């Protein structure tokens, strides 16, 4: 079977997902993409450019797989494909927390992007979400979104989209970490890890506030802050460089995958404070590398990280986060990390690609 994967924002996790499926699928997967920058413009204009490029292809797909970054109605009006077209939602613009500094929120221009998600889901032949949490929050957000308008809200379309929606968990290339396995250094303080984007939705304020409190209590630990930085650094990162200086062993983006992987293998604990996560790829990578996560009882984490079987990994509020992390740093043996890869293994492409292949084949 021939699959055309259309990705307007070919960067970061979107790029990793597309290339991962292309490599591991038993089907023939061709990627049609645009560089991953100017995300708002990609959602508006990317469909026009990608449709133009589509007509230059000699590739005739049996199915088109695209993502939530595409304005699918525009793309379909220009391409008029004769095969099924399905969309994969990595995120959505109804429940994704916008930066309070974004002027589009003040001017209410953010509604444009929600409507693109809505119309895309409406005209797709099938809609996939990367987690059950994401699927549920999408429809809650969509109803709130539609009810804000004065009339002709077409609320019945929610059920129409629900009937053609399902969960297809994110596939990850986790086995690539195996070549860089590194044991934790004995005789040194435990290593706390941050390996997410440096953005407000990952809630770094609470992460650093927690560590500063533990430092004031005299708790010994090391800190490695990885992840993608941006030109304008959030103040909490700048503040943390000073307040946590004696603990820091790495603070900034790692240029090579080898270095990134080695830090994950060396890390002991990953306190997660995010306000938004539809899946949690960076967390799953760390868990695969035997890093113990400490997770809030919200978002997608209870679903993906087996809360029922691992209640010790969860906290209810900020005070419990501080106390549980202190307890882990002082009392808990690092041996508890040995069973963690079993949680992450099921999301590796070696397993997920088979589900993707079977699911997409059934839609053709």
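The numbers here are math on the coordinates, done by the rules we state, and not lab data. Quick caveat, the model's predicted, so the values are computed rather than measured. Quick reminder, even Gly has a Cβ in these numbers, built from the backbone with ideal geometry, and neighbours come from all protein chains shown.
Assuming a viscosity of 0.692 mPa s and a temperature of 37 °C, what translational diffusion coefficient in µm² per second does Stokes-Einstein assign to segment 214-267, Rh being the Kirkwood radius over Cα pairs?
Working: Rh = 12.4 Å.
The calculation lands on 266 µm²/s.
Round to the nearest 10 and give me the degree value, 0 to 90, for the angle of helix 39-54's Cα axis relative to the longest principal axis of the chain.
50
Please state the relative contact order of segment 175-345 as a whole percent: Cα pairs under 8 Å, 6+ residues apart? Mind dumping the intermediate values first?
Values: 256 pairs, mean separation 44.4, N = 171.
26 percent.
Mind ordering 252-259, 212-219 by average Cβ neighbours within 10 Å, highest first? Show your work: numbers first, answer last.
Working: 252-259: 12.0, 212-219: 14.1.
Sorting 252-259, 212-219 by mean packing, highest first, produces 212-219, 252-259.
With contacts defined as alpha carbon pairs under 8 Å and 6 or more residues apart, what's the relative contact order of the chain in percent? Walk me through the numbers on the way to the answer.
Working: 594 pairs, mean separation 60.3, N = 364.
Result for the chain is 17 percent.
Quickly estimate the mean residue ellipticity at 222 nm for the chain, helices only: each DSSP H run with n ≥ 4 gives -39500 (n - 2.57), and the total goes over all residues, rounded to 500. Mind showing how you got there, number by number?
Working: 15 runs with 154 residues, N = 364.
Helix contribution divided over all residues of the chain: -12500 deg cm²/dmol.
To the nearest 10 degrees, how steep is helix 12-24 against the longest Cα principal axis of the chain, on a 0 to 90 scale?
Approximately 70 degrees, to the nearest ten.
Can you tell me which of 50-57, 279-286 comes out highest on packing, and rank the rest after it, using the mean Cβ neighbours within 10 Å?
On the way: 50-57: 13.8, 279-286: 24.2.
Those peptides, ordered most packed to least, come out 279-286, 50-57.
For the chain, what is the convex hull volume of its Cα atoms per residue in Å³?
Working: hull volume 53.8 nm³, N = 364.
So the per-residue hull volume is 148 Å³.
Please give the Cα centre distance for segment 2-47 versus segment 235-266, rounded to the nearest Å.
Here the two parts' Cα centres lie 29 Å apart.
Under a no-solvent Debye model with one identical scatterer per Cα of segment 175-345, what's log10 I(q)/I(0) at q = 0.12 Å⁻¹?
For the requested q values the scattering log ratios are -0.49.
On C-alpha positions alone, give me the angle between the axis of helix 257-266 and the longest principal axis of the chain, in degrees, nearest 10.
Relative to the chain, helix 257-266 is tipped by roughly 50 degrees.
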